[in-house]
Each structure stands twice: as C-alpha cells, then as structure tokens.
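There's a structure below that I have some questions on.
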Amino acid sequence: MNKSLLFAWITAIIATLGSLFFSQVMHFIPCDFCWYQRILMYPLTISLGIAFYRNDTFVYRYVLPFSFIGMLVSGYHYGLQKIAFLQKFESCTSGVPCSGQYINWLGFITIPSLAFVAFTIITAAMVILRKQS
C-alpha cells in the first residue's frame with residue numbers, strides 16, 4: 001500500500017464530495033472558475049482510485065498536469081475574490097460572479113482556497129510518489 005497515493009485519493013474524494021455538498025445540499029451555484037476546478041478534480045478521484053487499487057505508482061504522469069493546472073486555476077480564482085485589483089479582469093460575466101464568496105470562514109477560507117489546498121496536497125503527494133518510483 002502506497003501512503004502517498006492513498007492520501008492523494010482521499011483528498012480528491014473529500015474535495016469532490018465537498019463541491020457536491022456545496023452545490024447540491026447548500027444550493028450554491030458554481031461560477032465558471034468553479035466549474036473549471038471541478039473539471040480538473042473529478043477525474044482525479046477516479047484516476048487515483050484506480051491507481052490505488054492497481055498500486056500504479058506511475059499515475060503521477062497523468063495526475064500531475066491536472067493537479068498543477070488546478071492549483072493555478074484555484075489560486076487565480078482565490079485572487080479574484082481577495083485582491084481588488086484582479087476583480088477588474090474578472091471573466092465571469094454571466095451567472096454567478098467569480099469574485100463572489102459563498103463562504104468566508106475566518107476571513108480567508110473560501111471555496112477556491114479549499115480547492116487550492118486540495119490540489120496542492122495532491123500535487124505534493126504525486127511529487128513524493130514520483131521520487132519513490
């Protein structure tokens with residue numbers, strides 16, 4: 001059993017369930033950048049699950065691009081929420097604004113920051129997995 005792979009998979013599961021909770025239970029409507037983050041996270045849940053089942057330690061080759069791009073997207077999205085200057089460049093023009101904050105726990109924890117942490121954990125786990133392979 002590879003602990004890095006398991007940790008990455010559990011992180012992806014929690015992130016996926018969390019996003020579904022916010023949209024399906026709390027009825028938060030995802031903005032464009034939230035959808036992009038979902039598009040990058042949801043396949044990781046399946047890929048990492050299959051890789052854990054098969055003990056595929058080379059899954060980092062497929063996961064790292066998704067998790068790294070997810071970090072960039074969620075980091076930019078968080079910046080849109082917290083940095084006033086970036087809000088001038090907001091591209092979400094229809095529906096829910098990407099600078100909107102459904103949650104703001106402790107003044108800095110928002111949905112994109114949660115996604116950023118999840119993508120960062122998965123990326124770190126894949127880097128560790130790569131070094132072990």
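The values are calculated or read from the model by the stated rules, or taken from the named source; none is laboratory data. Source: prediction; values computed, not measured. FYI the Cβ positions are ideal-geometry reconstructions off the backbone, even for glycines, and counts take in every protein chain you see.
State which residue is farthest from residue 3 (Cα to Cα) when the search covers only the range 43-88 and only residues that are among the hydroxyl-bearing types (Ser, Thr, Tyr) and under 9 Å from the mean Cα position of the chain (by Cα).
The selected residue is 74.
Would you check if there is a residue in the range 98-113 being buried (at least 19 other Cβ atoms within 10 Å of the Cβ) and aliphatic (A, V, I, L, M)?
Checked against the condition, which is being buried (at least 19 other Cβ atoms within 10 Å of the Cβ) and aliphatic (A, V, I, L, M), the range 98-113 yields at least one hit.
For the range 1-33, which residues satisfy the criterion of being closer than 24 Å to residue 94 by Cβ and surrounded by 19 or more Cβ atoms within 10 Å (Cβ to Cβ)?
Correct list: 19, 31, 33.
Now for a different question. Any chance you could count how many residues in the range 60-88 are buried (at least 20 other Cβ atoms within 10 Å of the Cβ), out of contact with any Leu (no Cβ under 7 Å at 6 or more places or on another chain) and more than 28 Å from residue 27 (Cβ to Cβ)?
Total meeting the criteria: 0.
Turning to a different aspect of this structure: Can you say whether residue 91 is modelled with pLDDT under 95, crowded, with 16+ Cβ neighbours inside 10 Å and of a type in the set (S, T, N, Q), as far as the supplied structure shows?
no
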